[in-house]
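Below is a structure I'd like to ask you about.
Read-outs throughout are calculated quantities, based only on the coordinates presented, and are distinct from any laboratory measurement. Predicted model, so just to flag it, every value in this text is computed and none were measured. Note that we place each Cβ from the backbone using ideal geometry, even for glycine, and neighbour counts take in every protein chain shown.
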Amino acid sequence: MGTVTIGVSIAVPEPHGSLLQELRAGFGDAAAHGIPTHVTLLPPTEIADDALTAVDAHLTDVARAGRPFPMRLDGTGTFRPLSPVVFVRIVEGAEGCTRLQQQVRDASGPIARDLQFPYHPHVTIAHGIDEAAMDRAYEELSGYEAEWSCTGFALYEQGADGVWRKLREYPFGSPLVPPQASAPVAEDSIPSL
């Protein structure tokens, strides 16, 4: 019986995903082209290959209960000096990501696991590169903004070549997509107190 390394994440949609991936590569992050731009829900996790069926069933259940939520990126952050990572901040949607990752890693499920660090949803734009390049990534993307509706997540497998490949997408159970939070609110729809 063999093992596979899996991960679960929310893909950053186009055109944002490709743009951030190219920028990451431009900062000198050699892993950039092997890692689709994403928000991690389950970090790299080794499982027995015959456990994939149970993982698929579990993720199907999580997705079926899920509902779309708005996602908005704005500016940069870093985990340095604790971890050599620069990221784009999630300023809307972090609660939805946190809830999802808890459900994915549920103690009663097939991929229950502890995390090395407390969960903090983000989009990595530089990892493990020299400090000057990390500083450049932090500065150059400090004004970056993007938004979309998160309508599901996906399961990925890391190949022997280090490249992450999508195995399956898991759309949320409800087709209802909420309006983006940045949409203007009509004054007459605000209840008076």
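Just to confirm a number: summing +1 for Lys and Arg and -1 for Asp and Glu over residues other than MET1 whose beta-carbon lies under 15 angstrom from that of MET1, what do you get? All intermediate terms of the calculation are to be shown ahead of the outcome.
Values: positive: none; negative: GLU46, ASP49, ASP50.
For residues surrounding MET1, the net value is -3.
Compute the relative contact order of the range 3-173 as a whole-number percentage, counting only Cα pairs closer than 8 Å that sit 6 or more residues apart in sequence.
The value is 33 percent.
Between the range 107-154 and the range 1-71, what is the separation of their alpha carbon centroids in Å?
When both Cα centres are located, 11 Å separates them.
Next question. Counting only helical runs of four or more DSSP H residues, what would the 222 nm mean residue ellipticity of the chain come to if each run contributes -39,500 (n - 2.57) and the total is spread over all its residues?
That calculation yields -7500 deg cm²/dmol at 222 nm.
Return the Rg/Rh value of the range 118-175, two decimal places, where both radii are evaluated on C-alpha atoms and Rh is the Kirkwood radius.
Across the range 118-175, the Cα-based Rg/Rh ratio is 1.06.
Taking the Cα centre of the range 3-173 as origin, sum charge times position over the Cβ atoms of Lys and Arg (+1) and Asp and Glu (-1), and report the length of that vector in debye to the nearest 20.
In total the dipole reaches around 380 debye.
Continuing with the same structure: Answer with one residue from GLY162, THR5, GLY93: the one whose Cα lies farthest towards the positive end of the charge dipole of the chain, charges on Cβ with Lys, Arg +1 and Asp, Glu -1.
Most positive-ward Cα: THR5.
A further question on this structure: Compare THR53, THR78, THR98 in a GNM of the chain, Cα atoms joined below 10 Å, and give the one with the largest fluctuation.
So, out of THR53, THR78, THR98, the one fluctuating most is THR53.
Let me ask something else. Give the average over all directions of the projected area of the C-alpha convex hull of the range 3-173, one decimal, in nm². Display every interim value, and only then the final one.
Numbers: hull surface 36.9 nm².
With the hull built on Cα positions only, its mean projection is 9.2 nm².
Search the structure for amide H atoms under 5 Å from the amide H of PHE69, placed 1.01 Å from N in the peptide plane, and list their residues when 5 or more places away or on another chain.
Placed amide hydrogens put CYS150 under 5 Å from PHE69.
Need one number: nm distance between label points at LEU115 and ALA65, each 7 Å from Cα along Cα→Cβ, rounded to one decimal.
The modelled label-to-label distance comes out at 1.8 nm.
Summing +1 for each Lys or Arg and -1 for each Asp or Glu, what net charge is found among the other residues whose Cβ lies under 13 Å from the Cβ of ARG168?
Net local charge, ARG168 excluded: -1.
Could you tell me which residue out of LEU141, GLY26, VAL55 lies farthest along the dipole of the chain toward its positive end? Charges go on the beta carbon: Lys and Arg +1, Asp and Glu -1, centred on the Cα centre.
Farthest towards the positive pole: VAL55.
Okay, next question. What full-extension length gain, to one decimal in nm, is calculated for ASP106 and SER18 as 0.36 nm per residue of separation minus the Cα-Cα distance?
28.6 nm
Would you list TYR156, TYR170, TYR119 from fewest to most Cβ contacts within 10 Å?
If I rank by nearby Cβ atoms, fewest first, I get TYR119, TYR170, TYR156.
How big is D, in µm² s⁻¹, for the range 1-92 by Stokes-Einstein at 10 °C and 1.306 mPa s if Rh is the Kirkwood radius over C-alpha pairs?
103
Running Debye on the range 41-96 with equal point scatterers at the Cα sites and no solvent, what base-10 log of I(q)/I(0) appears at q = 0.16, 0.23, 0.30 Å⁻¹?
Reported log10 I(q)/I(0), two decimals: -0.79, -0.96, -1.17.
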